[in-house]
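**Q** My structure is below; once you've seen it, I'll send some questions.
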Amino acid sequence: FFMLKTVDVAFSYTKESSFNFPNIKLSSSESLLILGKSGIGKTTLLHLLAGILNPENGNIFINDINITSLSNKKLDAFRGKHIGIIFQNTIAVSSLTVYENLQARLYFSGISNQKEAIVSILDQLDLVSVKNQKPNTLSTGQLQRLGIALGVIHNPDIILADEPTSSLDDENCELVIDLLKSQAKKSDANLIIITHDQRIKNSFTNTIVL
């Protein structure tokens, strides 16, 4: 039983830019690093795995469910529960505080008893002191950690991170990778990082180069 399995996935924007992706098989709580330079289709693959894009060919199974055959409504609900996405630029609601952003994320995942989960993640990611601040008042590092918090707070089965370290110095790069790995471990999730950042190669045993 594979937590995540892709079979012959292909996608094209135009005739000139079409991508055929290698097959992926991950057992429960396995991690994967996908390396590749810009324009090679890394973010496209991330969006396919997240169900944001639909492949032209092939199938993507998460938890034994073929997400390529789900209706939009079912896919949205599935994504909300099972998939955590950490974008390169943190997508937080600017009119809400850090705490309220996390509250909203849990609300959309249909999770009740939110307070405990929020207090715990704020503590783990060293964001307690800024919990009542709006995103635009945060430092780059705090924003990055908020992005991680938003991606993992609902205990997803799969955490997808798009270039999470590319704008960070070496020390913070290591910190973020450690954070992501420990968050994935906590919820037995598959962590998939898509990046061109060669510094993190040694942190992963499973690597695919596009």
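**Q** I'm checking a number: the convex hull volume of the Cα atoms of segment 130-178, normalised per residue, in Å³. What is it?
**A** 88
**Q** Give me the percent of accessible area attributable to carbon and sulfur for segment 9-134, probe 1.4 angstrom.
**A** Values: 3370 of 6930 Å².
Heavy-atom surface of segment 9-134 belonging to carbon and sulfur, 1.4 Å probe: 49 percent.
**Q** How large is ³J(HN,Hα), in whole Hz, for each residue of segment 168-178 in order, when computed from phi with the Karplus curve 6.51 cos²θ - 1.76 cosθ + 1.60 and θ = phi - 60°, using x for Gly and Pro?
**A** In residue order, the calculated couplings are 10, 6, 4, 5, 6, 4, 5, 4, 5, 5, 4 Hz.
**Q** Another question, then. Using a 1.4 Å probe, what is the accessible area per residue for segment 11-133, in Å²?
**A** Numbers: 6830 Å² over 123 residues.
In whole numbers, segment 11-133 has 56 Å² accessible per residue.
**Q** Oh, and also: How fast does the chain diffuse by Stokes-Einstein, in µm²/s, taking the Kirkwood radius from C-alpha pairs at 10 °C and 1.306 mPa s?
**A** Working: Rh = 17.5 Å.
Estimated diffusion coefficient is 91 µm²/s.
**Q** To the nearest 10 degrees, how steep is helix 114-124 against the longest Cα principal axis of the chain, on a 0 to 90 scale?
**A** 90
**Q** Give me the orientation-averaged projected area of the Cα convex hull of segment 37-84, in nm², one decimal.
**A** 3.7
**Q** Also, quick follow-up: Go through segment 154-159 residue by residue and turn each phi into a ³J(HN,Hα) via Karplus (6.51, -1.76, 1.60, θ = phi - 60°); whole Hz please, and just put x for glycine and proline.
**A** Running phi through 6.51 cos²θ - 1.76 cosθ + 1.60 with θ = phi - 60° gives 8, 6, x, 7, 10, 10 Hz.
**Q** Next question. Where does segment 1-70 land on the Kirkwood hydrodynamic radius, alpha-carbon pairs, in angstrom? Before the final figure, lay out the partial values.
**A** Values: mean 1/r = 0.0800 Å⁻¹.
One over the average 1/r among Cα pairs gives 12.5 Å for segment 1-70.
**Q** Filter the cross-link list K25/K73; K5/K37; K81/K131; K181/K201 down to pairs whose alpha-carbon distance in this structure exceeds 18 Å.
**A** K25/K73; K5/K37; K81/K131
**Q** Would you grab the residues whose amide H sits under 5 Å from the one on S31? Only those 5+ places off in sequence or on another chain, please, with H modelled 1.01 Å from N.
**A** L191
**Q** Scan the chain and report its longest stretch carrying no GluC sites (Glu not before Pro) that are both in a DSSP loop and have at most 16 other Cβ atoms within 10 Å.
**A** Result for the longest clean stretch: 57-210.
**Q** Based only on the alpha carbon positions, what is the Kirkwood hydrodynamic radius of segment 93-181, in angstrom?
**A** Values: mean 1/r = 0.0747 Å⁻¹.
Computed over Cα pairs of segment 93-181, the Kirkwood hydrodynamic radius comes out at 13.4 Å.
**Q** Could you order peptides 151-157, 130-136 by the average number of other Cβ atoms within 10 Å of their residues, highest first? Please list the in-between numbers first.
**A** On the way: 151-157: 21.9, 130-136: 14.9.
Ranking the peptides 151-157, 130-136 by packing returns 151-157, 130-136.
**Q** Where Lys and Arg each count +1 and Asp and Glu each count -1, what net charge lies around L122 among other residues with Cβ under 13 Å from its Cβ?
**A** On the way: positive: R105, K115, K131, R145; negative: E100, E116, D123, D126.
Computed value for this residue: 0.
**Q** Another question, if that's okay. Would you mind working out the magnitude of the charge dipole of segment 55-210 relative to its Cα centre, with +1 at each Lys and Arg C-beta and -1 at each Asp and Glu C-beta, to the nearest 20 Debye?
**A** Once rounded to the nearest 20, the dipole reads 480 debye.
**Q** Report the extension gain between N206 and S12 in nm, rounded to one decimal, defined as 0.36 nm multiplied by the number of residues separating them, less their alpha carbon distance.
**A** Full-extension gain reported as 67.2 nm.
**Q** Using modelled amide H (1.01 Å from N, peptide plane; none on Pro or chain starts), what sits under 5 Å from the amide H of I24, excluding residues fewer than 5 places away?
**A** HN-HN under 5 Å from I24: T6.
The values are calculated or read from the model by the stated rules, or taken from the named source; none is laboratory data. Worth saying up front: this structure is predicted, and the values here are computed from it rather than measured. In this analysis, Cβ positions are derived from the backbone assuming ideal geometry, glycine residues included, and neighbour counts consider all displayed protein chains. The protein model used for the area step is the full one, side chains on, heavy atoms only, and it has no ligands, DNA or RNA in it. Shrake-Rupley method; radii C 1.70, N 1.55, O 1.52, S 1.80 Å.
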